[in-house]
Amino acid sequence: MRRGSIVRIAIYSVLAGILASVVAVAIPWLPTSASEEMDRIEFTFWFTTVICIAVFAVVMAVIVYSVLKFRVQPEDESDGPPIHGHTGIEIVWTAVPAVLVTAISIVSAIVLAQNDDAGPNPLRISVTAQQFAWKFEYPGDSKRVSGELVLPVNQSVKLTLHSLDVIHAFWVPEFGQKSDAVPGVETTLVITPTRVGEYAVVCTELCGLGHALMRAPVRVVDRAAYEQFLAGEASAGGDENSGANIYATAGCGGCHAFEPAGSDSQVGPSLDAVDPGGTPLEEYLRTSIVDPNEVLVGGYQPDVMPNTYDKSLSDEQIDALVQYLVEGQK
Ligand code: CUA
């Protein structure tokens, strides 16, 4: 091979590498990291991307060089020369990718192990998913339960995920980590938030009609604000059992419109002006919560609303929810 050919292939490689690098860097492929785990995932992403760009650049250069250099002349219909391969080149193009892929798998395995390690003393928060809401239970004497996830910054957190009905998936893009919540199985997820701010849990497993609305707010706060959050509601005296709070944590707003709660979803019938059709309103609402198929509002299908609320909510909570709905009637 002549020196000139090698120089040309090298120039094409650099050009293809620059082009691919611009595409990789100029487009924000990943959200800005807000956790240690996401930092490691980003490292793996860029480690892999740099290798891919290098391979892409060399392959593109050889292709472009060959297309230009060995293009058949017009009217030339003779066969190409018989080529029997080149053992040396075949060894190289097998060995180099093998080394690169092995390197990627080693880095990935280390990152997976680190991202699964919550350290000696993580904060443990229980996450319960159900169609179509998230519920978070915190450790400590206050037994705080909320519909938003509040995390102290720079503290390793171990989430235990549960599902009451079908498979959901917990994902906060800025935290990187993702895991399914599977009925009957306890899965875990480690997150160490590094940036104070507001984020969102997104359900990423198709779980029914309200799937696209199955989100929950996430707040990363400093230690003092977290302690305040834990203690504050406890001293407020069972505020979390108010109808409004149950409406939010049980996920009613994921499917129903109800003006006092500010929800306007149309997956299920509106709760703003319920027509109990002869039954006392309280009784009608209660039945509809625990046994949604008992009475179907015209145009709505059976088996869409979960029938698990008599298990996931206490009698007192259902009473409070019914009262909240009654008071909000137009
Ligand atoms: Cu829960 Cu999708």
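The values are calculated or read from the model by the stated rules, or taken from the named source; none is laboratory data. Nothing here was measured: the structure is a model prediction, and the numbers come from that model. Every residue, glycine among them, receives a Cβ derived from its backbone with ideal geometry; neighbour counts consider all protein chains shown.
If I filter segment 139-151 for residues that are within 16 Å of the ligand (Cβ to nearest atom), farther than 15 Å from Val218 by Cα and more than 15 Å from the chain's Cα centre (by Cα), do I get at least one hit?
Within segment 139-151 (the criterion being within 16 Å of the ligand (Cβ to nearest atom), farther than 15 Å from Val218 by Cα and more than 15 Å from the chain's Cα centre (by Cα)), the answer is no, since none of the residues qualifies.
Determine whether Val166 is within 16 Å of the ligand (Cβ to nearest atom), in contact with a Cys (Cβ under 6 Å, 6 or more places away or on another chain) and among the β-branched types (Val, Ile, Thr).
yes
State all residues of segment 241-260 that are assigned to a helix (DSSP H, G or I), more than 16 Å from Ala216 (Cα to Cα) and modelled with pLDDT of 80 or more; if no residue qualifies, say none.
Gly243, Glu259, Pro260
For residues that are assigned to a helix (DSSP H, G or I), surrounded by fewer than 10 Cβ atoms within 10 Å (Cβ to Cβ) and among the polar types (S, T, N, Q), tally how many sit in segment 58-93.
1
Would you confirm, using the coordinates I've provided, whether Arg219 is in contact with a helix residue (DSSP H, G or I) (Cβ under 6 Å, 6 or more places away or on another chain), among the basic types (Lys, Arg) and away from the ligand (no atom under 16 Å from the Cβ)?
no
Could you list, in sequence order, the residues of segment 287-328 that are more than 33 Å from the chain's Cα centre (by Cα), surrounded by 13 or more Cβ atoms within 10 Å (Cβ to Cβ) and not aliphatic (A, V, I, L, M)?
Residues satisfying the conditions are Thr287, Asp319, Gln323, Gly328.
Among the listed residues Val267, Val297, which satisfies the condition of being assigned to a loop (DSSP other than H, G, I, E, B) and in contact with a Gly (Cβ under 6 Å, 6 or more places away or on another chain)? Break it down stepwise before answering.
Numbers: Val297 fails: in contact with a Gly (Cβ under 6 Å, 6 or more places away or on another chain).
Going through Val267, Val297 in turn, the sole match is Val267.
How about segment 110-138: which of its residues are over 20 Å from Asp222 (Cα atoms), crowded, with 19+ Cβ neighbours inside 10 Å and out of contact with any helix residue (DSSP H, G or I) (no Cβ under 7 Å at 6 or more places or on another chain)?
Result: Val127, Thr128, Ala129, Gln131, Trp134.
Can you tell me which residue is farthest from the ligand (Cβ to nearest atom) among those in segment 189-214 that are surrounded by 15 or more Cβ atoms within 10 Å (Cβ to Cβ), part of a strand (DSSP E or B) and not hydrophobic (A, V, I, L, M, F, W, C)?
Pro193
How about segment 112-138: which of its residues are part of a strand (DSSP E or B) and within 16 Å of the ligand (Cβ to nearest atom)?
Val127, Thr128, Ala129, Gln130, Ala133, Trp134, Lys135, Phe136
Kindly indicate which of Ile27, Ile6, Ile51 is within 24 Å of the chain's Cα centre (by Cα) and either more than 30 Å from Val196 (Cβ to Cβ) or loosely packed, with under 11 Cβ neighbours inside 10 Å (or both).
Among Ile27, Ile6, Ile51, only Ile27 is within 24 Å of the chain's Cα centre (by Cα) and either more than 30 Å from Val196 (Cβ to Cβ) or loosely packed, with under 11 Cβ neighbours inside 10 Å (or both).
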